[in-house]
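Read through the structure below, which is laid out as structure tokens, and then see the notes.
Read the figures in this text as sums done on the coordinates, not as results from a lab. Quick caveat, the model's predicted, so the values are computed rather than measured. For neighbour counting, all protein chains shown are included, and Cβ atoms are generated from backbone atoms with ideal geometry for every residue, glycine included.
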């Protein structure tokens, strides 16, 4: 007979038992069981536990999570709450680790990342200041120099001077790429509108006063229309206005149109415009198409025109570790600032962003002190940082780089790029599919364009009548949704406006290939499934829904 | 004989072995050993492994971390890298879990938090969008409603309408309190300078255009001089200018001086000033002194004057879970926005911030869409969020609240407050110490004021000649540093300007009592040690360094 359940109370003794260690053997055993799976058989665990339920509609899901009162007494015993996470929540989460999940920039991570994250959580250092991190701040400064060197490749003397220099700063860890981009523009804004006679600088006096002091009406930031939405958000947040994030046309190869960039710069730099160009952004791995802008040419233009050149390499940055493909990012070493994400192609767990600066002094423009920490002259990393309290993500990345070496990372990245190339070739071979943007890195877009509907297409490769575009958009939107709901495979979708093609707003399927377990056989299955969904739900002669 | 070390290579097979699971039994055993300690005997592990080395000067530490080249091949085997973290890095980190570490807002966390963090890392959901989080986004919305209810206590109908409503938003998770404060001001700014005829709003058109449209010259934010430095940073970042974060005097009880607040508001609201007050900030647990502003009175003033009222409860917010002390925060339910940190008094690992809004619609002012995610009408949490990619911290907090109940949390918080009260009484009893700010919550400041130097003090309790202040500042600064370097105990220090006392820039020792293992006996040891340091390094008759 099982004993009647004890009422759970929160008294000091019970609390301390829960605080310090598993309170009894049963708790210990339960935790051990799950932790053993998570830490030592991660990929099996994910396959068998995560994202395995039938699709529940969001509405239905919402109905199950509606109580809004916090309970005074414990709701369940510790081991039952953990068990719930594993047997109730995990199955309804998304198995982003699956090699069939090729729709977003979130994928499988090495099992040891979970170990590293656990160690960092256990140490619970706060890197905002030395007094709560000590050696960890020193390791972080070293790692910032290492990645800076990967990007900028300055000489030994340079890094000798700056690696542990409390007065200079080669970069900063942030929560994610959004924060890294914000930091880059924050620095660029403060640099462009710095103190001058009778003006204390934009950071102190604000944008209203800055525009007056500099005799301008607005600031703009230029980026190709493939720019990530965080750039718009940054411009809004920083008081520049997101309308002043100006989209430059793309060339037919989907990279920024340099002529349009140059003419736009000239227009804005005409004094009658009273406009200051705060930054030009080059993209190294566009979120939607993976394309890399011509960074060298852009850097040259920016140098000539004295404009801050920022490279958003949140996605593509780690490609620098591949000798085979690093030339794709050539010119990045001329950028004034660079964004790279750790939770993307450094294969770290959620989340880790970074921003790097060519000049070790430029972050002086965002210095903040306080009386109780971050005092003048201290090495507290929080002095020049968008963040306040911050976890020691640097320990994870530093360790992972030691474990895999840049060659290990290169293999992962090369696998992604080359699998994407094979996938593109496969799509081009298939009569019912159409490649829309070929992969520069490991991202490509395509769509189902059933051969039965092809005769309706016009001469142009992609272009067609608006009616057909609408129909194809509907087909692809439906297929993407039904495939996601079926739960085995996942590609994402987006809407592209493509230069040199005579049609806008093309709904495409988007594939991001970073999981080393994803191979062409799996990608073929993904395509096969899409075709079956089409054949099941649409009339093949007319392309209309059955 | 040990076999010669194999050269570590990064080929595909070796990489996959490292990626998926421990590659051999030795690796497994090493990881198991450490993980067993970290997960099941956390507090013993921390005591024996973390922060146990003799103090190394920062300069010396810096010299040990200067190589800046990333290695192409793996530097060490996985288990050796992990071992290094445990035996080389951890000992030189800071044992923030020690009950003698009472200097900052970072402290011991329940052992199960590390389990929860590991599970979240393993699931690796990205809460920016439903497609990479699914049920986790739903749980997060529910938790936001639960904490909103803790703060605002609206009725069942209200939460029924909003808990899972994709069109409304009760709050947002952020990286930390800094980001939560930034979000609150971002929303307040956009709300105050919203679209009107011929003006698309500050978020779209920027601050320059906004000031023109609204006929103003500047915006200001008002907060007592105890405001956290992130408020200044927020004003700088948002383009308002950090000089326009205006410090209001404190009353002798260290809370905001309401008369000064009122007169300042009146001054700024005089049309001739062309100034818009974006927000008034009430502090619920000041970083330096723990003081709580008179929130009810402030809310009333703000309502009358139609000013956004923000409460920075990063520290004090969880006090709402204590029936005994929640009245200290009375008035918080009238705030337009509230910041609370998870990694502070919710005892979560680094880091987790949150911001809550009274109005479920106000976050519409910071809406961002993209074509590939966060599409119009979706429930993607990234639509209204400062962050982009984001880890599922909500799962950790939701679980912890179930495990401990609000009563469990209340016990922790009450222990801190009551231990601080006892500590204050003890300081007042001791002839060589002086209490500077008594604890409202669980933070107090004091200083060593040796009885031998007391006759020199003037009539005022704290006030004294500038010379004596300087001398005491030097003594306390020295004691704080030497105690930290000795490595057993840690209090922090800050410099306060105190109202109603006739002296400024008083160097004080600051104690934050949140560790449930910290008791009066330990705090007495901390004081004893400080006195011994004084007696060892200073001449007791003159207070001069020996």
Original post:
Could you give the radius of gyration (one decimal) and Dmax (whole number) of the Cα atoms in the range A:231-355, in Å?
Top reply: 15.0, 49
Original post:
Once Rh for the range A:360-519 is found with the Kirkwood sum over Cα pairs, what is the Stokes-Einstein diffusion coefficient at 10 °C and 1.306 mPa s, in µm²/s?
Top reply: 81
**OP:** Using packing as a proxy for protection, rank A:361-373, A:339-351 so that the peptide with the highest average count of other Cβ atoms within 10 Å comes first.
**Re:** A:339-351, A:361-373
Original post:
Is any residue of the range B:23-40 close enough, with backbone N under 14 Å, to a label point placed 7 angstrom from the Cα of residue A:36 along the Cα-Cβ axis, and if so, which?
Top reply: B:29, B:32-33, B:36
Original post:
How many Cβ atoms of partner chains, on average, are near each residue of B:282-289 if near means within 10 Å of its Cβ?
Top reply: 1
Subject >> Inter-copy label distances at residue B:486 (7 Å, Cα→Cβ; nm, one decimal) >> reply: 7.0
Subject >> B from A by rotation - nearest chain A beta carbon to the axis, in Å >> reply: A:239, 1
**OP:** Take the alpha carbon atoms of the range A:475-540, find their radius of gyration, then divide it by 2.2 N^0.38 Å using N residues; give the quotient.
**Re:** 1.23
Original post:
How crowded by other chains is B:194-203, given as the mean number of beta carbons from other chains within 10 Å of each beta carbon?
Top reply: 2
**OP:** Distance between Cα centroids, the range A:383-398 to the range B:16-49: provide it in whole Å.
**Re:** 24
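Suppose we take every Cα in the range A:295-394 and form the convex hull; what volume per residue is that in Å³?
111
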Original post:
Using the Cα atoms as the points, what is the convex hull volume per residue of the protein assembly as shown in Å³?
Top reply: 184
**OP:** Would you list the P(r) distribution for the range A:53-112, with all Cα-Cα distances sorted into 10 Å bins from 0 and each bin expressed as a whole %?
**Re:** 16, 35, 34, 14, 1
**OP:** List the distances, in nm and shortest first, from the label point of residue B:274 to the matching label points in every other copy, placing each point 7 Å from Cα along the Cα-to-Cβ direction.
**Re:** 1.3
**OP:** Rounded to the nearest Å, what's the spacing between the alpha carbon centres of the range A:285-300 and the range B:273-316? Just the number, please.
**Re:** 45
**OP:** Output, in nm with one decimal and in ascending order, the distances from the residue B:539 label point to the matching label points of the other copies (7 Å from Cα along Cα-to-Cβ).
**Re:** 10.5
Original post:
Ordered by packing density, taken as the mean number of other Cβ atoms within 10 Å over each peptide's residues, highest first, how do A:95-101, B:521-527, B:449-455 rank?
Top reply: A:95-101, B:521-527, B:449-455
**OP:** Would you tell me the mean number of C-beta atoms belonging to other protein chains that fall within 10 Å of each C-beta in A:160-172, as a whole number?
**Re:** 2
Subject >> DSSP bridge pairs, chain B: antiparallel proportion in percent, nearest 5 >> reply: 60
**OP:** Grab the DSSP H runs of chain B that are 4 residues or longer, score each as -39,500 (n - 2.57), total them, divide by all residues and round the 222 nm result to the nearest 500 deg cm²/dmol.
**Re:** -13000 deg cm²/dmol
Subject >> Directionally averaged shadow of the range A:1-109, computed from the convex hull of its alpha-carbon atoms, nm² >> reply: 10.0
Subject >> Semi-axis lengths (Å, descending) of the ellipsoid that matches the C-alpha gyration tensor of the range B:113-179 >> reply: 24, 15, 12
Subject >> Rg and Dmax [Cα atoms of the range A:64-165; Å; Rg one decimal, Dmax integer] >> reply: 21.2, 61
Original post:
Taking the mean number of other Cβ atoms within 10 Å as a proxy for protection, how do you rank A:384-396, B:243-255, A:184-196 from highest to lowest?
Top reply: A:384-396, A:184-196, B:243-255
Subject >> Kirkwood hydrodynamic radius of chain A, from inverse mean 1/r over distinct Cα pairs, in Å >> reply: 25.9
**OP:** Do me a favour and compute the ellipsoid semi-axes for the range A:345-400 from its Cα gyration tensor, root of five times each eigenvalue, largest one first, whole Å.
**Re:** 24, 15, 9
Original post:
Using the Cα gyration tensor of the range B:211-295, with a ≥ b ≥ c the square roots of its eigenvalues, what is the shape: rounded (a/c below 1.5), prolate (a/b larger than b/c) or oblate (neither)?
Top reply: oblate
**OP:** Please state, to two decimals, what the Cα-based radius of gyration of the range B:125-391 comes to when divided by 2.2 N^0.38 Å (N = residues).
**Re:** 0.98
Original post:
Between the range A:497-546 and the range B:171-221, how many Å separate their Cα centres?
Top reply: 41
Original post:
Considering only DSSP beta bridges with both partners in the protein assembly as shown, what is the antiparallel share in %, to the nearest 5?
Top reply: 60
